[in-house]
Amino acid sequence: MFAGEKINGSENRAVLHTALRSNLSDSEEAQQAHQHAMAALDTISSLIERFRQEGITDIISVGIGGSDLGPRLVLNALTDFASKDFRIHFLSSADGLYLESFMAALSAEKTAVLLVSKSFNTQETLINGEALKAWLTDPGRLFAITANNAKAEAFDVPADNVLPIWDWVGGRFSVWSAVAFPTILAIGMDNFREFLRGAADMDAHFLNTPIKDN
């Protein structure tokens, strides 16, 4: 796994979510993956400053499955570390009741929308995305976290507003990636990097500790 071998047999892919949080392999694939992951965090840091400068106060994160449950779980667990800079709202259901309640309670001028879908084919996410895109007063506040940049841009997400997820990250492991953007906004980049470092410590233990003590 750490070396980037294609151990996902059903999709013939590497399983390199460890590279999102640690740099423990000398393989070229793993090293490149780690560099991509760190570059994405730098981009997120810049976006956080941009949100502050633009007066964004609320974030609606639209996703389902691993695109929703992981970031939501981590934020619930780390609530004590949350700042008051941004309010995070998670939307996974295509039931219009939830969508309408957000649009009624929030200011479109102060809200950014994150569409989180690795394939950018998830119907529930796109249904909610269409409505929120029409609601936003500024299309520049529509963002995507996806592996399918072309589809996101065809959906009118500005190219500079697309954050990456890669085919070597399974959805259930994506919380260590830009998929956690809403969580990062809530707890801050420093705390998120601590979260990654804790996972990296466990990766090192798993990789290096004799099996009887592992």
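Quick notes on this one:
- Charges were assigned to the Cβ only: +1 to each Lys and Arg, -1 to each Asp and Glu. The resulting dipole of region 72-180 about its Cα centre is roughly 240 debye.
- Sites Arg172 and Lys84, calculated FRET efficiency, Cβ-Cβ separation with R0 22 Å, nearest 0.05: 0.10
- Straightening the chain between Ser46 and Asn121 buys 24.3 nm, computed as 0.36 nm per residue apart minus the Cα-Cα spacing.
- The order of Leu115, Leu106, Leu69 by accessible area, most exposed first and with a 1.4 Å probe, is Leu69, Leu106, Leu115.
- In the context of the full set of protein chains, residues of the chain present 50 Å² of accessible surface per residue (probe radius 1.4 Å, heavy atoms only).
- Length gained on full extension, Asn208 to Ser10: 68.5 nm, using 0.36 nm per residue less the C-alpha separation.
- DSSP beta bridges in region 1-154 [antiparallel fraction, %, rounded to 5]: 5
- Folded to 0 to 90 degrees: helix 28-53 orientation relative to the chain principal axis, Cα: 30
- Of the trypsin sites (Lys or Arg not before Pro) in region 81-152, the ones in a loop by DSSP (not H, G, I, E or B) with at most 13 other beta carbons within 10 Å are Lys84.
- Estimated [θ] at 222 nm from DSSP helical runs (n ≥ 4, -39500 (n - 2.57)) normalised by residues in the chain, nearest 500: -14000 deg cm²/dmol
- Whole-angstrom gap from region 174-194 to region 101-129, using each part's C-alpha centre: 19
- Highest to lowest packing among 204-212, 13-21, scored as the average C-beta count within 10 Å: 13-21, 204-212
- Computed from Cα atoms, the angle from the helix 189-208 axis to the main principal axis of the chain rounds to 30 degrees.
- With Cα atoms, 0 to 90° folded angle of helix 123-135 axis to the chain main axis: 40
The values are calculated or read from the model by the stated rules, or taken from the named source; none is laboratory data. Source: prediction; values computed, not measured. Using ideal geometry, Cβ is built from the backbone for each residue, glycine included, and neighbour counts are taken over all protein chains shown. Heavy atoms of the whole protein, side chains included, go into the accessibility calculation; ligands, DNA and RNA do not. Shrake-Rupley method; radii C 1.70, N 1.55, O 1.52, S 1.80 Å.
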